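S.K.: Structure provided below as C-alpha cells; questions to follow.
The values are calculated or read from the model by the stated rules, or taken from the named source; none is laboratory data. Since the model is a prediction, treat every value here as computed from it, not as a measurement. Reconstructed Cβ throughout: ideal geometry from the backbone, glycine too, with neighbour counts over all protein chains shown.
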C-alpha cells in the first residue's frame, strides 16, 4: 500500500497545530491571571473587544484569501508555473489596495468604538482609542497575505504553525512587561502588532527564499482573465467570511454592549478551554483542505469521499476526547487558574461552548470542500442564513437569559441550519453519503455523551488535589476515551495497516 506525500504533510500540519495549541494553553495559563490583575477586568475585556472589532475590519479583504486558495491549489496540482505567477500577481496587487482601504476605514470608525464597551471610565476610553489606532497598523500586513496562501496551498501548513508558536511567545514576552508597567490597553495592542508583523514577514521570507521571482508580484502585469476569476470567487468568499465572523465573533460585542466590558472577561475565562480545543480542531480542516482539493482536481472522487468521511470521524473522536474532560472539570480548572474569587460564568456556558466546539470544526471542514475546489458559491446561502439566525437569536436570548445568550444563539443556528443543509449539499455536489457522514460523526458523539456523563458524575463527588492533580486527571480522562476509540479503529486490519504506513511517512524523506 503506497501512502502519498500529501498524507505526510497533513499529519505534520496537524501535529504542529497540536504543538501550537499546547503552547497557547501553557502560555495562557501563566499569563492570563497576571494580565487580568495588572489591566483589571474592564481593560482586559475592552482589549478583547478591540481584537474582535479589528477582525471585522479584516473582512474588507473581500474574500480574496478564500478565492486565491483554489487557484493556487490548482496551479500546484497541475504544476502550472504561469498560472501560479499570474494568480500571485493579481492577488498581491488587490491586497495592497485592500490594506490601505482597511486602514482608512479603521480610522473613520474610531468614534463608534466606545459603544461596544459599556462602563469604561474617561481615562480608559482614551486608552481604548489609542490602542485602536496602534492596532490598525497590524492590518497593513494584509498586503502580504498571498505569501501565506502559497505555503498553505503547498500543504506546508506546519511552517505556519511553527511560526505561530514563535509569534505567541513573542507577544507574551512583550505584553506582560507592558501590562506590568501600566501601559494598559495600548500596551497589549502594541504587543499584538509587533507579533503580527514579525510573523507575516517571516512567512514572506520563507516563500521568497525558494521563489524569488514572486517578490515582484506587485509589479508583474496580471492578465484580465485571472483578475476576473479571482474577483468572481472573492464575492462569494466574502459573504461566507462575513457570515462566519458575524456568527462566531460577535459574542464579545453583544455582551460588551449589553452587559458591560467586565462581563466580557467573565465569558472569556469561563469558555477559554473549550475555545482552545475548538481552535485545535479547526486545525484539522486547515491541515486537510489542500490534500482534499488535490484529490478533487485529479478527478479521484471516490477517494475524496472516503477521506472526507474518515477525517470527519477522526475529528469527532478527537473532539469528544478533548471536550469531555473540559466539560467535567472546567469549574475546578477556572477556580485553580483564576482564583476562587473569580466570578465563574456557570456550567451551562461551558456545556454550550463544548457543543459549539464539536459542531463548528465539522461544518468548517465540510465548507472547505466547496471553497478549496472553487465552488464556494454553493454554500453562500447556508452561511448567510446561519449568520442571520445566530445574530437574531443571540441578541434576543442575551436580553432574556443574560450571559448564556450568545452561545445559545450559536447552537440554535448550527442545529437549525448548518447541521442538515451542509450534508445535503455535499451529497448533491460530491456524492458524499449523508448516512456514512452521520455514522462517522454520530457514533463518537453518542459514545462521548455517555463517557462525559460518567466523568461529570465523578467530578461532582471528587475534587482534584491542586493543579497537578487536575492536569493528571484531565489527561487520563482524555487518554481513556482515546484508547477506547483507538481500539475500535484498530480492530480492523486494513485500518491498522493504513495508519501504520501513514505514521511512517512522517519520518520518511520527502
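Residue-wise test of (1) modelled with pLDDT of 90 or more; (2) assigned by TED's automatic domain parsing to the domain that holds residue 94; (3) over 30 Å from residue 11 (Cβ atoms).
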site	(1), (2), (3)
118	no, yes, yes
133	yes, yes, yes
146	no, yes, no
156	no, yes, no
161	no, yes, no
180	yes, yes, yes
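S.K.: Go through 313, 245, 307, 331 for me and flag whichever is in contact with a helix residue (DSSP H, G or I) (Cβ under 7 Å, 6 or more places away or on another chain) and not assigned by TED's automatic domain parsing to the domain that holds residue 419.
M.R.: Working: 313 fails: not assigned by TED's automatic domain parsing to the domain that holds residue 419; 307 fails: not assigned by TED's automatic domain parsing to the domain that holds residue 419; 331 fails: not assigned by TED's automatic domain parsing to the domain that holds residue 419.
So the residue among 313, 245, 307, 331 that is in contact with a helix residue (DSSP H, G or I) (Cβ under 7 Å, 6 or more places away or on another chain) and not assigned by TED's automatic domain parsing to the domain that holds residue 419 is 245.
S.K.: Looking for something surrounded by fewer than 21 Cβ atoms within 10 Å (Cβ to Cβ), outside any helix (DSSP H, G or I) and at pLDDT below 90 - is there at least one such residue anywhere in the range 446-461?
M.R.: Yes: the range 446-461 contains one or more residues that are surrounded by fewer than 21 Cβ atoms within 10 Å (Cβ to Cβ), outside any helix (DSSP H, G or I) and at pLDDT below 90.
S.K.: Being more than 18 Å from the chain's Cα centre (by Cα), more than 18 Å from residue 471 (Cα to Cα) and free of Cβ contacts under 8 Å to residues at least 60 places away in the same chain is the filter here, so list the residues in the range 323-368 that pass it.
M.R.: 341, 347, 348, 351, listed by residue number.
S.K.: Looking at (1) part of a helix (DSSP H, G or I); (2) farther than 30 Å from residue 381 by Cα; (3) more than 23 Å from the chain's Cα centre (by Cα), which one does residue 232 not meet, given that it meets all the others?
M.R.: (2)
S.K.: Further question: Which one of 391, 384, 320 is touching a residue at least 40 places away in the same chain (Cβ under 8 Å), assigned by TED's automatic domain parsing to the domain that holds residue 424 and surrounded by fewer than 18 Cβ atoms within 10 Å (Cβ to Cβ)? Spell out the reasoning first.
M.R.: Values: 391 fails: surrounded by fewer than 18 Cβ atoms within 10 Å (Cβ to Cβ); 320 fails: surrounded by fewer than 18 Cβ atoms within 10 Å (Cβ to Cβ).
After ruling out the rest, the residue left standing is 384.
S.K.: If you take the residues of the range 462-491 that are modelled with pLDDT under 55 and surrounded by fewer than 14 Cβ atoms within 10 Å (Cβ to Cβ), which of them is nearest to residue 315 (Cα to Cα)? Don't jump to the end; show me each part of the working.
M.R.: Of the range 462-491, the ones modelled with pLDDT under 55 are 489-491.
Narrowing the set further to residues that are surrounded by fewer than 14 Cβ atoms within 10 Å (Cβ to Cβ) leaves 490-491.
Values: 490: 16, 491: 19 Å.
Filtering first and then ranking leaves 490.
S.K.: Inspect all residues belonging to the range 163-170 and state whether any of them is assigned to a helix (DSSP H, G or I), surrounded by fewer than 18 Cβ atoms within 10 Å (Cβ to Cβ), touching a helix residue (DSSP H, G or I) at 6+ places or on another chain (Cβ under 8 Å) and modelled with pLDDT under 80.
M.R.: No: the range 163-170 contains no residue that is assigned to a helix (DSSP H, G or I), surrounded by fewer than 18 Cβ atoms within 10 Å (Cβ to Cβ), touching a helix residue (DSSP H, G or I) at 6+ places or on another chain (Cβ under 8 Å) and modelled with pLDDT under 80.
Per-residue answers, yes or no, for (1) modelled with pLDDT of 90 or more; (2) more than 30 Å from residue 73 (Cα to Cα):
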{"position": "332", "(1), (2)": "no, yes"}
{"position": "341", "(1), (2)": "no, yes"}
{"position": "344", "(1), (2)": "no, yes"}
{"position": "373", "(1), (2)": "no, no"}
{"position": "401", "(1), (2)": "no, yes"}
{"position": "407", "(1), (2)": "yes, yes"}
{"position": "410", "(1), (2)": "yes, yes"}
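S.K.: Residue by residue through the range 245-290, note down the ones that are in a helix (DSSP H, G or I), at pLDDT below 75 and within 30 Å of residue 478 (Cα to Cα).
M.R.: Of everything in the range 245-290, those that are in a helix (DSSP H, G or I), at pLDDT below 75 and within 30 Å of residue 478 (Cα to Cα) turn out to be 247, 248, 283, 284, 285, 286, 287, 288, 289, 290.
S.K.: Looking for something surrounded by fewer than 21 Cβ atoms within 10 Å (Cβ to Cβ) and farther than 21 Å from residue 43 by Cβ - is there at least one such residue anywhere in the range 186-198?
M.R.: Scanning the range 186-198, I find at least one residue that is surrounded by fewer than 21 Cβ atoms within 10 Å (Cβ to Cβ) and farther than 21 Å from residue 43 by Cβ, so the answer is yes.
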